[in-house]
Each structure stands twice: as structure tokens, then as C-alpha cells.
Amino acid sequence: MIVEDHNVVTLSYELREGGPEGEILEVMNVHYPFKFFCGGDQLLPAFEEQLRGLREGDAFEFILPPDLAYGELDLEQVLDIPRGVFEEEDKGGLENLLIEGNFIQLTDEEGEQFNGRILSWDEELVKVDFNHAMAGKTLHFKGVVLNIRKANVDELIRKQVLEEDGVRGWDWGVN
């Protein structure tokens, strides 16, 4: 089998910023691999394109510049928001929310949610960057194809991977 549409692909990889010596952004190893439905329009098209045609056991290494990944930083997505908005959204104390680099989620009047990262604040305004966290970054992927299988009927309908034991989730350590 090869990586192609309608297959479920399992990868192990290391993602670094810029190149092979760059800062590690993400690691998906054999103990917690990355699984995806190929051709499901849920991943970066350039990411899938780099993997197409590979077989189980094949290694890969490629770079995606910002224009093929999450785009360049858009300064129009960096906004000054009145501090009062955060007091309305926050339930656990504003001092726990207003931390430089903290990721937040705000909801507009229509109920649409937006993710952002706090850059700075003063008594009146909070500067928030609503760009994707990897916008403006060159992404270097290096890894191996661990497994390829045909998608089952439910996966073909949903265009996403369905784990045998249900939806993949976080282990909160609750018994």
C-alpha cells in the first residue's frame, strides 16, 4: 500500500521550526503516533502531497514554507481589545488569564469562537494575536510512515480516522 486518498496513515515524526536544527515544535512518536485520513481536507494540502506515494517503513523529510503551511503573519490579526471584555469572559481571576504568551478563546456576539495569544496589556487594552500559532513559520518535518491501511466505511463517510476504542482523547488520569 501507498499513501493515497482513502487510506488511513500512521506516522512518527518530529516537527522543527526552520530546519533540522530548529526549535522542536511537536513530536509524534511510536507511542503516540499521528494518524490521519488521507484526502479528507483536514490537513495542510502540501503536507499530504509530500507524503503521497510513500510506503510503510519509508522515511521522509521536507520543509513547508509559510505560504504552503499556515501563511505569513497578518498584522491585521493582532488586535487591541478592551480589557473589560476579558473580565466578562474570565471566571477564575483576571490575573490568571493575563499572562504573556497565554492562549485564550474569545466568543463574539454571534457565538463564533476565536483563539488567540496574549502579547501584552495595560490598564485599558489587551493586545491579542489571532494568527494561527504556526503562522509565519517554516516547518521542517522528519519522520517515518509506520502503517497504512484502507479506511473502513465509517471513516470514508466521515473522512476522518475512527479508533477501534472510540475517539482518541486525552488521558486525564481519572479512574
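Taking the charge dipole of the chain about its Cα centre, with +1 at Lys and Arg Cβ atoms and -1 at Asp and Glu Cβ atoms, the residue from Leu146, Met28, Pro66 reaching farthest to the positive side is Leu146. The GNM of the chain, with springs linking C-alpha atoms under 10 angstrom apart, assigns the highest mean-square fluctuation among Leu51, Leu64, Leu119 to Leu119.
Amide H to amide H distances under 5 Å link Val78 with Phe130, where only residues 5 or more positions off or on other chains count and H is placed in the peptide plane.
Note on segment 49-88: percent of Cα-Cα distances in each 5 Å bin, starting at 0 and stopping at the bin with the largest distance, equals 5, 14, 13, 12, 11, 9, 9, 7, 7, 6, 4.
Rolling a 1.4 Å probe over the protein heavy atoms of the chain, with every protein chain left in place, gives an accessible area that is 49 percent carbon and sulfur. Applying 1/(1 + (r/R0)^6) with r as the Cβ-Cβ distance of Phe114 and Arg149 and R0 = 35 angstrom yields a FRET efficiency of 0.45. Taking other residues whose beta carbon is less than 12 angstrom from the beta carbon of Lys127, and scoring Lys, Arg as +1 and Asp, Glu as -1, yields -3. Per residue, the solvent-accessible area of the chain (1.4 Å probe, heavy atoms of protein chains only, all protein chains present) comes to 65 Å². With the simple model of a label 7 Å out from the Cα in the direction of the Cβ, Glu17 to Ala59 spans 2.6 nm. Starting from the alpha-carbon convex hull of segment 1-70, give the projected area averaged over all orientations, in nm². If you wrap the Cα atoms of segment 1-70 in a convex hull and average its projections, you get 4.8 nm². Across segment 1-148, the volume of the C-alpha convex hull divided among the residues equals 144 Å³ per residue. Annotation: amide H-H contacts under 5 Å for Leu139 (H modelled 1.01 Å from N, sequence separation of 5 or more, or interchain): Gly18, Leu64.
The relative contact order of the chain, computed from alpha carbon pairs under 8 Å that lie at least 6 residues apart in sequence, is 34 percent. Across Ser120, Ser12, the residue with the most accessible area heads the list, and the full order at a 1.4 Å probe is Ser120, Ser12.
For the chain, lysine pairs with C-alpha atoms less than 19 angstrom apart, excluding pairs fewer than eight positions apart on the same chain, total 4.
The values are calculated or read from the model by the stated rules, or taken from the named source; none is laboratory data. All of these numbers come straight from a predicted model, not from anything done at the bench. Cβ coordinates were reconstructed from backbone atoms using ideal geometry, including for glycine residues, and neighbour counts include every protein chain displayed. The accessibility values were calculated without ligands, DNA or RNA, using every heavy atom of the protein model including side chains. Shrake-Rupley method; radii C 1.70, N 1.55, O 1.52, S 1.80 Å.
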